[in-house]
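Working notes, beginning with the structure itself.
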Amino acid sequence: MPITRIVRNALITALVIAAFIVSLRVTEADFPRLFRDLPKGKDLLTAFLTPDVFTREVETRTISIAFPIPCGSAPTESLLPSDGPRLVPSVNCAAPLETFTLQGFDLQPNSEVVIRWRLPDGRTMTAIRTQTDANGYFTYDVQARPIQSSVDGVPSRLEVDTLTPVGGLKPSQALKDVMDNMFVTIFMALLSTTLATIIAAPLSFLAASNITRKGCVGTVVYYIFRSFFNLMRSYDPLVMATVFGFWLSFGPFPGFLALTVVTIASLGKLFSEAVENIDPGPLEALQATGAPPLHTVRYGVVPQIVPDFISYIIYHWDINVRISTIIGFVGGGGIGYYLNLSINDFKWNQAGTAIWAIVIVVWAMDFLSAEIRKRLT
Amino acid sequence: MLQIQNVSKTYPNGTQALKNVSFDVKDGEFLVVIGLSGSGKSTLLRCINRLIDPTEGKIIWDGVDITAAPPAELRNIRRKIGMVFQQFNLVKRSSVMTNVLSGRLGYVNPWMSLLGIWPAEEKQRALEALGRVGIADKAHNRADALSGGQQQRVGIARALMQDPKLILADEPVASLDPVLSHSILQYLEQLNKEGITVICSLHFLDLVHRYATRVVALKDGVKVFEGTAQEIDRAKFKEIYGEEAQEVRAASL
C-alpha cells in the first residue's frame with residue numbers, strides 16, 4: 001500500500017510541475033525582462049506620473065527671418081537688428097544638408113521656445129522645442145533640408161515662438177475631457193445599476209425558495225428564475241458588451257445594456273439569497289393574521305432585506321464603475337474609451353490623467369460604499 | 001366551539017408529529033397544551049390556523065371546516081385567530097407601531113396598506129392595543145430596541161388588532177425570564193376573561209395550575225391526558241414527562 005501511495009503522490013507532483021511549466025511557457029513569462037526593459041518603460045511611467053492636469057494661459061511672441069536655401073535662390077534677410085529680441089544665424093544662407101547654428105538673443109528669459117520652418121507655400125515644420133536661459137538666450141544647430149528650398153524666389157523662413165505663461169493655473173483640456181468621460185462612466189454605472197435593481201428586485205423573490213417554491217407552479221417558477229440568473233451570470237460583461245456592440249454599434253449605450261444585463265443576473269442572485277436568509281418568524285406571524293400573500297412579503301420580508309439590498313446595490317455600483325472602464329476599452333464609451341484613444345495616439349500624459357482619474361474614482365467609490373455599508377444594520 | 005377530530009400530521013421527512021389527536025375546545029376556555037419539546041404542541045397549534053396542513057383529520061370551528069377552507073376563506077378564518085409566538089416573531093427592523101398595525105392586514109384596504117398608508121382610526125386602534133399591554137409609549141421605537149417581555153407584549157397587541165375570537169399562544173413565555181411569565185400570561189388571562197378563547201402551550205406546571213381551565217397533554221404526538229390541572233398527579237406527571245422528569249416551578253427560579 002505505501003508504495004502505491006508514493007507512486008501516486010509522485011505522479012500527482014509530476015503532473016502539477018508539468019502544469020506549471022506549461023503555464024510558464026504559454027504566458028512567455030520572463031521576469032528578468034521586467035528589469036532589463038525598465039528604461040523602455042521609463043518614459044511611459046514618467047508620463048503617467050506627470051499627468052496633464054493644469055495649463056496656463058500662454059502668450060506667444062513670434063519673430064522670424066528669411067533663410068534662403070540654397071544661397072542665391074532668394075534675397076537674404078537684409079538688416080538684422082542688433083538689439084531687442086532677435087535671431088542670429090551663423091550664416092545667412094545655406095546649401096541643402098549644410099548645418100548651421102541659430103542663436104536667439106534677448107528673448108523672454110526661461111521660456112519655452114518653438115523653432116520651426118515656414119515653407120514658401122505657408123506650411124510649417126516644427127524643428128524643436130527648447131528653453132531660453134536666464135538671459136533670454138538659446139542656441140540650436142539646424143540642418144538645412146532640401147524640402148526647405150526656396151520656390152520661385154520666395155525663401156523659407158525660420159520662425160521662433162516664445163511661449164510665456166501668463167495668469168494662473170487652469171484645468172487643461174485633457175482634465176476637462178477626462179472629467180466629462182468619467183461622468184459618462186459613473187452615470188453609465190449608476191443608470192445600469194438602477195435599471196438592474198428595478199428589474200432584479202421583484203424577480204429575486206420569484207427565485208427565492210422560501211417565497212416561491214410552494215406547490216407545482218411555484219417550484220417551476222422558482223427553477224426558471226434561478227437558472228435564468230445563473231445562466232446570465234456566466235456571461236462575462238466584456239463578452240456581453242462586444243455582442244451588444246456589434247448589434248447597436250459601439251458607444252455608451254451598448255456598454256450600458258451589457259452592464260445592465262450582467263448586473264440583473266448578479267443582483268438577482270444576491271437578492272434572492274438575501275430573501276432566503278430572512279428570519280421566517282415574522283412571515284409566519286403575518287400569514288397567521290390572515291394577511292394576503294403580497295402583504296406578508298411587503299410587511300414580513302421587505303423590512304428584513306432592505307439593508308442587504310442597499311448594500312448589494314452600492315457594492316454593484318462600485319463594481320460597475322470598474323467594469324464600465326474596461327467595457328470602454330472595447331468601445332463602450334466613457335473613460336475607458338478615452339484612455340484607449342489616448343494610448344493609441346501616444347498621448348501618454350493624457351493617458352496618465354485618465355489613469356489617475358480612474359484610480360481616484362475607484363478608490364473613492366470603494367471607500368464610500370464601504371462606509372455606507374458599515375452604517376446599514 | 002373548536003373541534004379537533006382525529007388529526008394526524010406526518011412531515012415529508014417521515015416524522016410523525018401528531019397521531020390521531022381529538023379533543024374539543026369550548027368557547028371561553030383557557031386550554032393549556034403541555035408535553036415535552038418535540039411532543040407535537042407547536043404542530044398542533046399550527047394545524048388549527050393551518051400554518052401547517054394536517055395530513056389527516058378535521059378541525060371544525062363553529063361549524064366551519066378549517067381544514068377544507070380554500071385560500072380566501074382560510075384568510076378570513078385566520079383573521080379571527082390571533083397567534084402569539086415563543087420567539088415573538090416581530091419584524092425587528094420595523095417600528096412597534098408597524099408591527100402592531102400589521103395584525104390588521106386582513107381587514108384594511110389592501111392597496112393602501114401595500115403602500116404603507118394606514119387610516120387614522122387603525123393607528124388609534126393600535127395605540128389602544130399597545131395601551132392595553134402597557135407600552136403605548138414605545139409605539140415609535142424599533143421593535144428590536146425593546147426587551148423580550150416588551151416584545152412579547154407587542155406580539156399580544158398585534159394579535160389583539162385582529163379582533164380575535166381565539167388566540168393561539170405557542171410557548172409565549174418560554175423565551176422570557178421566568179419572573180416575566182406571569183406578566184405576559186396575565187394579559188392572556190385578562191383577554192380570556194373578556195371572552196376570547198385561548199389555547200396556549202406551556203412548560204411550567206405551576207403556570208398550568210394557575211391559568212389553565214383545562215389541560216391537554218401530548219407525548220410523541222399522542223394525546224395522553226385531558227382534564228383539569230388538578231387531576232395531574234405524580235403518576236400522570238411521570239407518564240407525560242417521562243420517568244426522569246422533575247418538576248420545576250417557575251416561581252422557584
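The values are calculated or read from the model by the stated rules, or taken from the named source; none is laboratory data. Only a predicted model underlies this, so the values are computations on that prediction, with no experimental measurement involved. Methodologically, a virtual Cβ is constructed for each residue, glycine included, from the backbone with ideal geometry; neighbour enumeration extends over all protein chains shown. Heavy atoms of the whole protein, side chains included, go into the accessibility calculation; ligands, DNA and RNA do not. Shrake-Rupley method; radii C 1.70, N 1.55, O 1.52, S 1.80 Å.
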Label-point separation, residue A:98 to residue A:371 (7 Å along Cα→Cβ), nm: 7.0 nm
Placed amide H near residue B:224: partners under 5 Å, 5+ positions off or other chain: B:217, B:218, B:219
Pairing the Cα long axis of helix A:215-233 with the longest principal axis of chain A, what angle in degrees results, from 0 to 90 and rounded to the nearest 10? 20 degrees
Distant-in-sequence amide H partners of residue A:172 (H built 1.01 Å from N, under 5 Å): A:54, A:55
When the charge dipole of chain A is computed with +1 at the Cβ of Lys and Arg and -1 at the Cβ of Asp and Glu, the Cα pointing farthest to the positive end, of A:91, A:201, A:164, is that of A:201
Of A:19, A:7, A:80, whose Cα points farthest to the positive end of the dipole of segment A:1-104 (charges on the beta-carbon: +1 Lys, Arg; -1 Asp, Glu; origin at the Cα centre)? A:7
For segment A:173-375, what is the accessible area per residue in Å², given a 1.4 Å probe and the full set of protein chains? 46 Å²
Computed over segment A:173-375, the convex hull of the Cα set has an average projected area, in nm², of 12.6 nm²
Compute the acute angle (0 to 90°) between the alpha-carbon long axis of helix A:348-375 and the principal axis of greatest extent of the alpha-carbon atoms of chain A; round to the nearest 10°. 30 degrees
When only C-alpha pairs under 8 Å and at least 6 residues apart count, what is the relative contact order of chain B, in percent? 27 percent
Please figure out what share of the DSSP beta bridges in segment B:108-253 is antiparallel and state it in percent, rounded to the nearest 5. 50 percent
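Using the structure shown, list the pairs from B:123/B:193; B:58/B:165; B:92/B:193; A:214/B:165 with a Cα-Cα distance above 27 Å, or answer none.
The pairs that break the limit, which is 27 Å between Cα atoms, are B:92/B:193; A:214/B:165.
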Measuring from centroid to centroid over Cα atoms, what is the spacing of segment A:214-281 and segment A:1-61 in Å? 34 Å
Under 5 Å from the placed amide H of residue B:69, counting only residues 5+ away or on other chains, we find none
Looking at the square roots a ≥ b ≥ c of the eigenvalues of the Cα gyration tensor of chain B, which shape do they give, rounded for a/c under 1.5, prolate if a/b is larger than b/c, or oblate? oblate
Straight-line reach check, residue B:238, cutoff 23 Å on alpha carbons, 8 or more apart in-chain or any other chain, hits among lysines -> B:19, B:41, B:219, B:223
With solvent modelled as a 1.4 Å probe, how much accessible area in total do chains A and B shield from it at their shared surface, in Å² to the nearest 100? 2000 Å²
In debye, nearest 20, what is the charge dipole magnitude of the protein assembly as shown about its Cα centre with +1 on Lys and Arg Cβ and -1 on Asp and Glu Cβ, if you could check? 1460 debye
Placing one identical point scatterer on every Cα of the protein assembly as shown and ignoring solvent, what is log10 I(q)/I(0) from the Debye formula at q = 0.08, 0.09, 0.11 Å⁻¹? -0.80, -0.91, -1.10
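Do any chymotrypsin sites (Phe, Trp or Tyr not before Pro) in segment B:1-101 lie in a DSSP loop with no more than 14 other beta carbon atoms within 10 Å, and if so, which? Please list the in-between numbers first.
Working: sites: B:23, B:30, B:61, B:85, B:88; in loops: B:85, B:88.
Passing sites in segment B:1-101 do not exist.
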Roughly speaking, to the nearest percent, how much of the protein assembly as shown's 1.4 Å accessible area is carbon and sulfur? 60 percent
Report the Cys residues of the protein assembly as shown lacking a disulfide-compatible partner, meaning no second Cys Cβ under 4.7 Å from their Cβ. A:216, B:47, B:200
Hz values of 3J(HN,Hα) by residue in segment A:118-123 - Karplus curve (6.51, -1.76, 1.60), Gly and Pro given as x: 9, 6, x, 7, x, 6
Straight distance only, please: which lysines reach the Cα of residue A:176 with their own Cα at less than 17 Å, same-chain residues fewer than 8 apart left out? A:347
Chymotrypsin sites (Phe, Trp or Tyr not before Pro) restricted to DSSP loop in segment A:190-235 with at most 16 other C-beta within 10 Å: A:235
Longest DSSP-loop-exposure-free segment, GluC sites (Glu not before Pro), chain A, at most 16 other Cβ within 10 Å: A:99-377
Which order do the peptides B:173-185, A:348-360 come out in when sorted by mean C-beta neighbours inside 10 angstrom, highest first? A:348-360, B:173-185
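Can you give the charge dipole size of segment B:87-162 about its Cα centre, rounded to the nearest 20 debye, using +1 on the beta carbon of Lys and Arg and -1 on the beta carbon of Asp and Glu?
Numbers: 10 positive and 5 negative charges, 33 e Å.
The dipole magnitude comes to about 160 debye.
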Backbone N within segment B:149-191 under 15 Å of label point (7 Å from residue B:137 Cα along the Cβ vector): B:150
Cα axis of helix B:120-132 to longest principal axis of chain B: angle in degrees, 0 to 90, nearest 10? 40 degrees
Nearest 20 debye, what's the magnitude of the dipole of chain A about its Cα centre given +1 on Lys and Arg Cβ and -1 on Asp and Glu Cβ? 1440 debye
Roughly how many nanometres apart are two label points built 7 Å out from the Cα toward the Cβ at residue A:140 and residue A:61? 1.7 nm
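For segment A:1-153, report the accessible area per residue in Å² (1.4 Å probe, heavy atoms, rounded to an integer).
On a per-residue basis, segment A:1-153 sits at 69 Å².
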Could you give me the ³J(HN,Hα) list for segment A:255-267, computed from phi with Karplus coefficients 6.51, -1.76, 1.60 and θ = phi - 60°, whole Hz, x at Gly and Pro? x, 5, 5, 4, 4, 4, 4, 5, 5, 4, 5, 5, 5
Loop trypsin sites (Lys or Arg not before Pro), segment A:132-233, which have at most 14 other Cβ atoms in a 10 Å radius of their Cβ (DSSP): A:214
As a check on your grasp of the helix formula, calculate [θ] at 222 nm for chain A: sum -39500 (n - 2.57) over DSSP H runs of n ≥ 4, divide by the residue count, round to the nearest 500. -19000 deg cm²/dmol
What is the projected area of the convex hull of the Cα atoms of segment A:58-170, averaged over all directions, in nm²? 7.3 nm²
Label segment A:322-377 by shape, choosing from rounded, prolate and oblate, from the square roots a ≥ b ≥ c of the eigenvalues of the Cα gyration tensor; if a/c is under 1.5 it is rounded, and otherwise prolate applies when a/b is larger than b/c, oblate when it is not. oblate
Averaged per residue, the 1.4 Å probe accessible area of segment B:87-162, protein heavy atoms only, in Å², is roughly 42 Å²
Whole-Hz couplings from phi, Karplus 6.51/-1.76/1.60, listed for segment A:73-78; x for Gly and Pro: 6, 7, x, 7, 4, 6
Over what distance in Å are the Cα centres of segment A:96-171 and segment B:138-165 separated? 87 Å
Where a ≥ b ≥ c are the square roots of the eigenvalues of the C-alpha gyration tensor, would you call chain A rounded, which needs a/c under 1.5, or, failing that, prolate if a/b is larger than b/c, or oblate? prolate
